[in-house]
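Single-structure report; data block below.
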Ligand code: TYD
Ligand code: MG
């Protein structure tokens, strides 16, 4: 066995130092370095006896995997995973306590078991947080039978190892990684060393067996995943479960070795567990969705692999004390400030003496760069107190020079906007070299080409169809 040495690990960012320091040199936090035992070299105990090859082989001689995916039976979870659970993979699902991680995974475990039976091995749900009676109670509430679902309530890795060897499960859910104790990593659960040891061992186990492991991780309110952050590199995918101001819950991949990371699964929590959102079009738009008041603009956003038409709300009020501030937690603050600066420069609308508030209906976080133009229209509308004519929405990225840049997935954006009853979509020129506000009819909706911000604003507020 490799010799262990003392190590000081920052509980905030996971940075390691050989000696104790008052301030972490990596993240600047004070008093966060804790003494821990260093991780052992080599595989964890689950892998003793399984020898890795000691010689290299030619890449072309290596058999390509069949890359089978296992559907969890929950469409929105499969979507966030990039199409289901990959064979041999380990997925970390993080979220605040109470958001619904245990509920989602019990539903997923039961559904996998129901659809695959015993084929490929049983499903094992390990809980270090709840008693069998509590889990049974939740299963009754969710109306899942669990006839073939194996439940193990323990926090001890030695017991889990034995059960994995005995049961040979195809899917293992560990709820949560912070409660598990591997004896060789100390006696206290939840330390960085423990979380690393447990994650490393289970990830290696799933990789060598071709099974699947889902690890639950708690994330604090501030979004600091002190523990789980340090194991992101050990797992294949990281999904974060977030709650908006409303009762919507978003499951978003922040890392995925086998799929896109922009995918978002959307759920609501009902009295019988998490339900998938079947009609995401409706919840992100206000009541009079094609004719909103001043400061509100709809935008077709490409999130993951689908277009969601969302409503952006902007409000500007005179800045207090002469210092203007931006408050936006669903769209990046810096993006809002940049778009306001572009409007100020190219349209002469002043924002530098204003406080800016931006919100997105339904509370979804928007990362699509094509949010720039609708954001500009919303800010302009709010600042001028001018509402948009009925049926208008916008899409496009903005350059600092005031150009409206092309968007991806144009056809899908047009289709989604049309389905919601919109009539005119203001966006970038369509690559045909045309410029100057020409319109193309696509069914009921017209695509209005605007190469620059000034033309886009003029077209958006024009009352002519
Ligand atoms: P839970 O899955 O225990 O959250 P986590 O594992 O992330 O801590 O779910 C927590 C909340 O969900 C709890 O407050 C009760 C609520 N809930 C429902 O509203 N409906 C249900 O069917 C279930 C099972 C839970
Ligand atoms: Mg839980």
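General observations
- Taking every C-alpha pair closer than 8 Å and separated by at least 6 residues, the mean separation divided by the residue count of the chain gives a relative contact order of 12 percent.
- Debye log10 I(q)/I(0) at q = 0.24, 0.25 Å⁻¹ for region 66-147, Cα point scatterers: -1.41, -1.48
- FRET efficiency for residue 141 and residue 279, using Cβ-Cβ distance with R0 set to 35 Å, rounded to 0.05: 0.90
- For region 222-374: rounded, prolate or oblate by the Cα gyration tensor [a/c cutoff 1.5]: prolate
- For the chain, projected area of the alpha-carbon convex hull averaged over all directions, nm²: 27.3 nm²
- Shape class of region 317-422 from the alpha-carbon gyration tensor: prolate, with a/c at 1.5 or above and a/b greater than b/c.
- Degrees, to the nearest 10: 333-347 long Cα axis against longest axis of the chain: 20 degrees
- Computed from Cα positions, the angle between helix 132-142 and the longest principal axis of the chain comes to roughly 30 degrees.
- As a calculated quantity, the FRET efficiency between residue 350 and residue 305 at R0 = 35 Å, using C-beta atoms, amounts to about 0.30.
- Counting 0.36 nm for each residue step from residue 168 to residue 131 and taking away their Cα separation leaves a gain of 11.0 nm.
- Region 324-458 - percent relative contact order, Cα under 8 Å, separation 6 or more: 20 percent
- Relative to the longest principal axis of the Cα atoms of the chain, helix 372-384 runs at roughly 50 degrees.
- Helix-only CD estimate at 222 nm, as mean residue ellipticity for the chain, using -39500 (n - 2.57) per DSSP H run (n ≥ 4): -7500 deg cm²/dmol
- Cα→Cβ-extended label distance, 7 Å offset, between residue 337 and residue 187, nm: 5.0 nm
- Shape call, region 72-276: gyration tensor on alpha carbons, a/c limit 1.5: rounded
No lab work stands behind these numbers, since they all come straight from the coordinates. Quantities reported herein were computed from a predicted structural model and do not represent experimental measurements. Because the Cβ atoms are built from the backbone with ideal geometry, glycine has one as well, and the counts that use them run over all protein chains shown.
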